[in-house]
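Just so it is clear, none of the values below were taken in a lab; they were calculated from the coordinates. Note that the structure is a prediction, hence the values are computed from the model and not measured. Using ideal geometry, Cβ is built from the backbone for each residue, glycine included, and neighbour counts are taken over all protein chains shown.
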Amino acid sequence: MFSLSLRQPLAAALILLALGGCAAVPTGGDDADLRRLVAEHGGLRLPPPDTDTQARVAELLAWPLDGPRAVAVALLRNPALRAEYARLGLAQADVLDASRLSNPTLSLAALQPQRSGEVLRLDYGLVQNFTDLLFLRSRQRLAGEALQRTRLEAGARIQSLAFEVDAARLRLAAALRSAAMRERAAQAAETSAALAQRFHDAGNLDLLALRREQAAATQARLDADAATSDAAIDRSALQRLLGLRDDEAWQADRALPLPATSEAPLDALQRQAAAQRLDLAALRRNLDAIAQAQSLAARWRWLPLLEVGVQGERDSDGSHLIGPSLVLQLPLFNRGEAARARLQALDQQAHADLAAQELVAAGEVRDALARVQSMRRRVSRYREALLPQREDVVAQLQTRQNYMLIGQFEVLQARQQQFEGYQAYLDALRDYGLARIDLARATGAALPDEAAATTAEPDLPPIP
């Protein structure tokens, strides 16, 4: 006859509880892994937790904000970064939850006698879900995969923020240069209108010609006001991304990127995207997690819910019974077919999502590279052909005007055309820089020629 003393079942129950308490627990603070991740994929430097944010921001704002400084300020002050840390905290809490066994269940019952001669009986029991113990390490592993996937997704969003900041900084730099150029163009047009007024007053210019000059000056002033307004809007957009308040003074660097001599080949950039893009890495991590879940479901497909514990009974006459208990769920109706089918569907969906995103990534690299190459050629034509040609036209007309072969109005009109050409050149430089940012975003990291890239503040045409 099998018998078990009181000490043995109690010891078994305590062992189960101890195993649950000894499971590995995350130590908190996931930012070090995130910092390492974004540094390896894109070269971003997230601030360590002990950074004096206020002092560091003040140090950065003491200089005009170029691309790297603007990104550094955003990584210190933009609330989106705190939101990403919060998402990591949620995933870390899931890891902590997966490392714990479910709580044991205590049952108590007092059975009153219904006839004389019967005794009061007290029943009690303590059971623990033993299946939880068998799945503990697997649950921890799956939760760890989910945490890593969340970290990759957070890194991708932080990279996206950095690219947005860089693009906003570039738009502001171009807008400031355009506003300055439009102001000079307005001054030139107003000078021409004032000269026309003097000629008209002297009887040397008819009213129609005067009105044309005045209308041109008014239009130039409207364009200058619009350019100033656009620059203010672009500054506000960048300030929001930086996370700065209105009472914090800062200046924007006005340098614009100069075209590189050539770009890396398409296949090299597409390979870089496949290796560096964090959204692709997150999808691959999701595939790994689903594969682990499928393996787990196949290995333990016949394992039912199993609860073990101790059960005791005490009667009012002093008799006491205690022994082990076992609760076994019989897999008669639900054998996990639906769960396995769900995992198979998730696996198919994850493979399809990854394949689709890989196609999207390759297409984004191809399209962005085409825009960079097109804008590089456009900038070169402006800089090497159109701008020198406009400048030479102005110089030739100025020489003729000095010999009184033509009037001042022809020179001023040529000067206006020179300003328009310069505005188009600024727009082309801006679009080239934005195309390079899009290409870096598509590849998931800095471009191979980024270290050799140069910037400059183009000179404005002089006021006649």
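Values computed for the structure shown
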| read-out | value |
| --- | --- |
| Cα-Cα pairs of the stretch 253-339 separated by more than 14 Å (percent) | 82 percent |
| Pair L328, S374: separation of 7 Å Cα→Cβ label points (nm) | 7.1 nm |
| Alpha-carbon gyration tensor eigenvalues x 5, square-rooted, for the stretch 24-156, Å | 55, 17, 9 |
| Of the trypsin sites (Lys or Arg not before Pro) in the stretch 303-404, those whose Cβ has at most 12 other Cβ within 10 Å and which sit in DSSP loop | R335 |
| Trypsin sites (Lys or Arg not before Pro) within the stretch 225-287: DSSP coil, no more than 10 neighbouring Cβ in 10 Å | R245 |
| Evaluated at q = 0.08, 0.09, 0.10 Å⁻¹: base-10 log I(q)/I(0), Debye formula over Cα of the chain | -0.71, -0.81, -0.91 |
| Whole-Hz couplings from phi, Karplus 6.51/-1.76/1.60, listed for the stretch 320-325; x for Gly and Pro | 9, 10, 8, x, x, 10 |
| Relative contact order (percent, whole number), the chain, Cα cutoff 8 Å, 6+ residue spacing | 23 percent |
| nm² value of the averaged projected area, convex hull over the Cα atoms of the stretch 237-389 | 22.3 nm² |
| Euclidean distance of C-alpha centroids, the stretch 284-361 and the stretch 161-236, integer Å | 71 Å |
| Range in the chain, longest, excluding exposed chymotrypsin sites (Phe, Trp or Tyr not before Pro) [loop by DSSP; at most 12 other beta-carbon atoms within 10 Å] | 3-301 |
| Relative contact order of the stretch 98-210, defined on C-alpha pairs under 8 angstrom at six or more residues apart (%) | 18 percent |
| Rounded to 5, percent antiparallel among DSSP beta bridges of the chain | 95 percent |
| Sites matching trypsin sites (Lys or Arg not before Pro) across the stretch 71-179 that sit in DSSP coil, with at most 12 neighbouring C-beta atoms within 10 Å | R115 |
| Percent RCO, i.e. relative contact order, over the stretch 168-309, from Cα pairs under 8 Å lying at least 6 residues apart | 31 percent |
| Mean projected area in nm² (Cα convex hull; one quarter of hull surface) for the stretch 171-232 | 3.7 nm² |
